[in-house]
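**Student:** This is the structure I want to talk about, given as structure tokens.
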Amino acid sequence: MLRSRLKSLLTCFLLGVGAQAVTAHQVPNMTVEADFEENGSFEMRVNLDPRTFLSRTPSMLAPLDAAWYLEQSAEQKALSLQMAADMLRGQLLVKFDGQSLPLPEIEWQPLDGATNTPLREDTEEVHLLATVRGMVPTGAGDFSLSYAPSAQVSLILLVRTPVSTEPRVQVIFPGESSRPEKIPTAPKVIQAASNPSKLAETRQGQGGQESASNQPTRGWWLLLPCVVGPLLLLALRVTRR
């Protein structure tokens, strides 16, 4: 009961902070937005404070400003993004009907953490936006997210579906899983289209059936001697008479 009340208070506090666009916050957290479409596609965006993967005690670090990212070399940025990706894959587990799905390829964008807009030179708090896209497995009816016990910060999950007018919000602590959310699933035709090899097999099978049905009957010319031969003999006999 007490834990439930604490979650409610924390949810209100974190949402209030986001609504007021506070310029900086000392307590880092992770926000995950998962949008599901009617055709079964989904997009998941993770707003990540770099302190969460740079330190085992991220709350002890001050927010990182734009210089932390902008002054890195290309190799250093690649290493930072790899560290962030490794952390996400190690701490977030996407599940459909209880079955785990590996995180698809991640797209990255640096953000201004106060405004959630592209990074500027005067940004006082850098965040990284990780975006993944995919298709819900055919037949899967719900989505949930598991958060690893090794995580160091709380997680805010917002789920949007075609039937929801407002996102459903949950706060997840390390070692917990979100409540399952009902989501649309993709028809089999769309699922096949999203898999080029299956689509090619389907088209090949359809093409083979079509060519077989339209293929003209072969071998009829082999009967020509049996028909033409007797007719020629009959014509010669008539001519001799």
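**Student:** Residue by residue through segment 36-62, note down the ones that are in contact (Cβ under 8 Å) with a residue 40 or more places away in the chain and part of a helix (DSSP H, G or I).
**Tutor:** Listed by number, the residues that qualify are T52, P58, S59.
**Student:** Going by the structure shown, is P104 over 23 Å from S154 (Cβ atoms), without any contact (Cβ under 8 Å) to a residue 40 or more places away in the chain and open to solvent by 50 Å² or more (accessible area, probe 1.4 Å)?
**Tutor:** Here the answer is no, as P104 does not meet what is asked.
**Student:** For the condition modelled with pLDDT of 95 or more, touching a Ser or Thr at 6+ places or on another chain (Cβ under 9 Å), closer than 19 Å to V32 by Cβ and open to solvent by 20 Å² or more (accessible area, probe 1.4 Å), what is the one hit in Q91, Q170, Q152?
**Tutor:** Q91
**Student:** So, in segment 89-114, how many residues would count as being closer than 13 Å to R45 by Cβ and over 12 Å from the mean Cα position of the chain (by Cα)?
**Tutor:** 4
**Student:** OK, next. Given the criterion open to solvent by 30 Å² or more (accessible area, probe 1.4 Å) and at pLDDT below 95, identify the matching residue among A21, A67, A74. Spell out how you get there, then give the answer.
**Tutor:** On the way: A67 fails: at pLDDT below 95; A74 fails: at pLDDT below 95.
Residue meeting the stated conditions: A21.
**Student:** Identify, by number, the condition in (1) part of a helix (DSSP H, G or I); (2) touching a strand residue (DSSP E or B) at 6+ places or on another chain (Cβ under 8 Å) that D86 doesn't meet.
**Tutor:** It fails just one condition, (2).
**Student:** Continuing with the same structure: Quick check on segment 129-142. Is at least one of its residues closer than 19 Å to S59 by Cα, touching a residue at least 24 places away in the same chain (Cβ under 8 Å) and not basic (K, R)?
**Tutor:** So far as segment 129-142 goes, no, none of its residues is closer than 19 Å to S59 by Cα, touching a residue at least 24 places away in the same chain (Cβ under 8 Å) and not basic (K, R).
**Student:** So S144 passes all but one of these: (1) open to solvent by 70 Å² or more (accessible area, probe 1.4 Å); (2) in contact with a Gly (Cβ under 8 Å, 6 or more places away or on another chain); (3) polar (S, T, N, Q). Which condition number does it fail?
**Tutor:** (1)
The values are calculated or read from the model by the stated rules, or taken from the named source; none is laboratory data. Worth saying up front: this structure is predicted, and the values here are computed from it rather than measured. All Cβ positions, glycine included, derive from the backbone under ideal geometry; neighbour counts span all protein chains shown. Quick note on the areas: whole protein, heavy atoms, side chains included, nothing else; ligands and nucleic acids left out. Shrake-Rupley method; radii C 1.70, N 1.55, O 1.52, S 1.80 Å.
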